[in-house]
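Just below is one structure, and these are the notes that go with it.
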Amino acid sequence: MPRAVYLLALGIFAMVTSEFVVAGLMPQMADGLDATIPEIGYLITAFAAAMAFGGPVLTVALLRMRQKTALIVLFGIFLAGNVLAALAPDYRTMLVARVITGIASQAFFGISISLCAQLTRPEVRGRAIAVALNGLMLGTLLGLPLSTVIGEHLGWRAAFWAITGLTVLAALATLVGVPRIERADDGGNLRQELGAFSNPRLWLTLTTSTFVIGATFSAFSYLNPILTEVTGFSTGTVPLLLIAYGAATVIGNTVVGRFADKRTVPVLLTGLLLNLAFLAGFAVFAQLSVAAVVLMMGIGLVGVTMNPALVTRVQRTGNARPLVNTVHSSFITLGIIIATSVGGPAIDTFGLRAPLWIGAALAALGLLTLVPDLKRLRKRDHVRTPAATSAVAPSNPATESNPASQECASV
């Protein structure tokens, strides 16, 4: 695996840590900015909305740059936003800072995944994407608890300064260790970048990602109150359970990355079926401590860890260029927005188990979006079976070299 892929993971880790830091420091930030807890919660929503809608716009603005240069520019924008957050004298300034960092991080994700695809051979691309996306998983496993500990002991501003230092380190590592790749002849052409979106299948593929991530975050966003108020764990135990959940995501992401290239749709089908079962089971048995922990870990293993397969599917349906990858990240973020915006009101009406049922419903919708691909793959498999069993059937080099056809054989 090229060293540059691990360096891209470091940059993603820095930005995901910044994304999650507010969730761990809500009381301290509310006191420091003279705001309420709900107002601090809006900072999370603002970050997500900036990612979903601002990230693609910034990516378009950077299309004509070499991708390594674009990453350095994005590091600079993100760094400026993070420093502004650390120095923010009031809530409005912090809100602006979160919007800036959200836009930059989304564009960074898209360009990083595109660059990752260019740095690796097609047959190991899914595995490379999984390595890069381990930065996201480690942001959950390590970034959130570490920034929370720093904020609790040294103040919430210290947490943002720590992320600033991490960002500088990641930027320097990228500058030194990531090779400069020349643009393709059609690189930077907005019309060609937008042309991929004329394919209706791409929109359905993007929608699958929204439902997969939305289902997972319906549970993840409310794990703390569910585990304390429904299951009955102490507040001191919950951080340990969340670390275990983060470890499960790292394991699941690594496993999915191994199969994402050749078994993309089967992996997604299996993941969604299991996630549906885990979410529904958690909703039914949340009051039982052992069952709750097992089911929560299951969600960690098969939820957000579907990302390598989701990215591989999107790139095959559209392309591996920055704009498609950034818009894909926006659809993923849209899933988070849906999960958190619907989950809160549902809790007020139906109780703390409601987000788990919402997650199960989103997983079911995700399964429905896979139906056309499953039918298509089954039909191709049916057509190829007679040829495969014939002793005199000629080989087809084009089919053998086509990743999508290889996937058909694995269904």
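The values are calculated or read from the model by the stated rules, or taken from the named source; none is laboratory data. Everything quoted here is computed from the prediction, not taken from an experiment. Note: ideal-geometry Cβ built from the backbone for every residue, glycine included; neighbour counts use all protein chains shown. Please note that ligands, DNA and RNA were not included when accessible areas were found on the heavy atoms of the full protein model with its side chains. Shrake-Rupley method; radii C 1.70, N 1.55, O 1.52, S 1.80 Å.
What the table shows:
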quantity: Separation of the ILE181 and VAL96 label points, Cα + 7 Å toward Cβ, nm; calculated: 3.6 nm
quantity: Length-normalised contact order of the stretch 20-152 in % [C-alpha pairs under 8 Å, at least 6 apart]; calculated: 34 percent
quantity: Distance between the stretch 200-261 and the stretch 65-98 - C-alpha centres, whole angstrom; calculated: 27 Å
quantity: For the chain, calculated [θ]222 nm from helices alone, where every DSSP H run of n ≥ 4 adds -39500 (n - 2.57); calculated: -26500 deg cm²/dmol
quantity: Extension reserve of the ARG258-THR349 stretch, reckoned as 0.36 nm per residue once the Cα distance is removed; calculated: 28.6 nm
quantity: Estimated FRET transfer efficiency (GLN192, GLN287; beta-carbon r; R0 35 Å; 0.05); calculated: 0.05
quantity: Contour excess over end-to-end distance, with Cα ends at ARG64 and ARG378 and 0.36 nm allotted per residue; calculated: 109.0 nm
quantity: Surface accessible to a 1.4 Å probe, ASP31 within the full protein complex, Å²; calculated: 130 Å²
quantity: Reference-scaled alpha-carbon Rg (2.2 N^0.38 Å with N residues) for the stretch 238-381; calculated: 1.11
quantity: Cα→Cβ-extended label distance, 7 Å offset, between ARG3 and GLU152, nm; calculated: 3.7 nm
quantity: Mean Cα-pair separation over length for the chain, i.e. relative contact order, pairs under 8 Å, 6 or more apart, %; calculated: 24 percent
quantity: Per-residue ³J(HN,Hα) for the stretch 72-81, Karplus 6.51 cos²θ - 1.76 cosθ + 1.60, θ = phi - 60°, Hz, x for Gly and Pro; calculated: 5, 4, 5, 4, x, 5, 4, 4, 4, x
quantity: Rounded tilt (10° steps) of 200-220 against the dominant C-alpha axis of the chain; calculated: 40 degrees
quantity: Accessible-area composition of the stretch 70-165, carbon plus sulfur, in percent [1.4 Å probe]; calculated: 71 percent
quantity: Full-extension gain in nm, ALA277 to THR235, via 0.36 nm per residue minus C-alpha separation; calculated: 12.4 nm
quantity: For the chain: accessible area per residue (Å², 1.4 Å); calculated: 42 Å²
quantity: Assigned charges on the beta-carbon of Lys, Arg, Asp, Glu; the chain dipole about Cα centre (debye); calculated: 1400 debye
quantity: Exposure of VAL255 as accessible area (Å², to 10), given a probe of 1.4 Å and all protein chains; calculated: 80 Å²
quantity: Carbon plus sulfur fraction of accessible area for the stretch 256-389, probe 1.4 Å, in percent; calculated: 70 percent
